[in-house]
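Beneath this line is the structure, given in structure tokens, with notes to follow.
Bear in mind that the values in this text are calculations on the coordinates, not laboratory data. Remember, it's a predicted structure, so these values are computed and weren't measured experimentally. Cβ: placed from backbone, ideal geometry, glycine included. Neighbour counts: every protein chain shown.
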Amino acid sequence: MNAETLNLNTSRGQTTAVVARPDGDATATVILIHEWWGINDHIRDLAGRYANEGYIGVAPDLYRGKVAKDSEEASRFMYELDTVDGLETISQALMEAKRAYGVQKIGITGYCMGGTFALRAACEMSELAAAAAFYGDIPEEKEISKLKVPTIFFAGKRDNWINPEKVAILKKAAREYSLPLEVVSYDADHAFFNDTRPEVYDANAAKDAWQRVLTHFRKHLSEAARPTRA
């Protein structure tokens with residue numbers, strides 16, 4: 001695996017993206033949107049996991065270098081981030097990944113706040129070939145009704161933020177608008193995929209979700225990505 005950085009220019013200032021590239025060739029990229037903490041070691045590790053599966057993992061920094069020290073600061077950073085600004089940064093990451101790596105297919109994933117942005121991006125960015133959103137907030141009906149990108153959404157039944165009531169709204173929209181959306185719920189808490197937080201991490205749910213994501217991306221990102229290890 002090779003680690004590097006992409007420079008991104010947006011209308012509200014410069015930022016970067018953490019990149020993890022497989023040792024071999026790859027023509028598929030997974031855009032990885034960070035949690036409300038920012039670009040930390042957990043996000044770098046996830047980018048590396050995608051690289052080990054044969055994808056170019058690209059994690060744009062929506063906070064422009066800021067990393068939260070605690071949940072209070074993380075909450076402040078998240079609510080200070082304008083949705084339009086975050087989506088522009090994601091769009092720039094898509095374009096720069098295409099330019100720098102000549103990628104043919106691009107998927108997107110994200111966790112917590114990143115799940116919110118991943119799902120919203122899937123509703124708005126036709127360049128995306130697939131999306132996997134983890135316990136992010138649900139877009140308004142006028143936005144979610146535009147979803148054309150094959151998407152899988154993961155939720156925890158014990159999540160007090162993205163609670164079962166919100167998930168039910170998403171399921172209802174999927175039925176009403178015939179969206180290409182699958183919803184998977186586990187008996188788990190918010191952030192169940194984050195193995196650096198033992199108080200919420202659920203190994204069984206995380207393992208199952210990871211396999212579902214890989215199957216989803218392999219289906220929709222074609223055979224462009226080839227695992228570099230078993």
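Here are the numbers for this structure:
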quantity: The listed residue being over 14 Å from the mean Cα position of the chain (by Cα) and free of Cβ contacts under 8 Å to residues at least 12 places away in the same chain, out of 70, 41, 85; calculated: 70
quantity: The range 67-81, residues that are out of contact with any helix residue (DSSP H, G or I) (no Cβ under 6 Å at 6 or more places or on another chain) and surrounded by 11 or more Cβ atoms within 10 Å (Cβ to Cβ); calculated: 67, 73, 74, 75, 76, 77, 81
quantity: Among residues of the range 83-125, those that are under 17 Å from residue 193 (Cα atoms) and in a loop (DSSP other than H, G, I, E, B), counted; calculated: 1
quantity: Considering residues of the range 55-66 that are of a type in the set (A, V, I, L, M) and in contact with a Leu (Cβ under 7 Å, 6 or more places away or on another chain) only, the residue surrounded by the fewest Cβ atoms within 10 Å (Cβ to Cβ); calculated: 59
quantity: Qualifying residues in the range 174-190 (those that are out of contact with any Asp or Glu (no Cβ under 7 Å at 6 or more places or on another chain) and part of a loop (DSSP other than H, G, I, E, B)) - the one farthest from residue 118 (Cα to Cα); calculated: 187
quantity: Selection count, the range 8-38, where residues are touching a residue at least 12 places away in the same chain (Cβ under 8 Å) and exposed (fewer than 15 other Cβ atoms within 10 Å of the Cβ); calculated: 7
quantity: When residues of the range 20-38 are limited to those that are part of a strand (DSSP E or B) and within 14 Å of the chain's Cα centre (by Cα), the one nearest to residue 61 (Cα to Cα); calculated: 33
quantity: Checking residue 4 against (1) closer than 27 Å to residue 211 by Cα; (2) touching a strand residue (DSSP E or B) at 6+ places or on another chain (Cβ under 6 Å); (3) in a helix (DSSP H, G or I); (4) not hydrophobic (A, V, I, L, M, F, W, C), the condition it does not meet; calculated: (3)
quantity: The range 147-173 - residue that is hydrophobic (A, V, I, L, M, F, W, C) and in a strand (DSSP E or B) and, of those, surrounded by the fewest Cβ atoms within 10 Å (Cβ to Cβ); calculated: 152
quantity: Failed criterion for residue 14 (all others in (1) part of a strand (DSSP E or B); (2) under 21 Å from residue 194 (Cα atoms); (3) not aromatic (Phe, Trp, Tyr) hold); calculated: (2)
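Results for (1) among the charged types (D, E, K, R); (2) without any contact (Cβ under 8 Å) to a residue 60 or more places away in the chain; (3) more than 24 Å from residue 23 (Cα to Cα); (4) crowded, with 20+ Cβ neighbours inside 10 Å, shown as yes or no for each residue.
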| site | (1), (2), (3), (4) |
| --- | --- |
| 145 | no, yes, yes, no |
| 175 | yes, yes, yes, no |
| 181 | no, yes, yes, yes |
| 194 | no, no, yes, yes |
| 204 | no, yes, yes, no |
| 208 | yes, yes, yes, no |
| 216 | no, no, no, no |
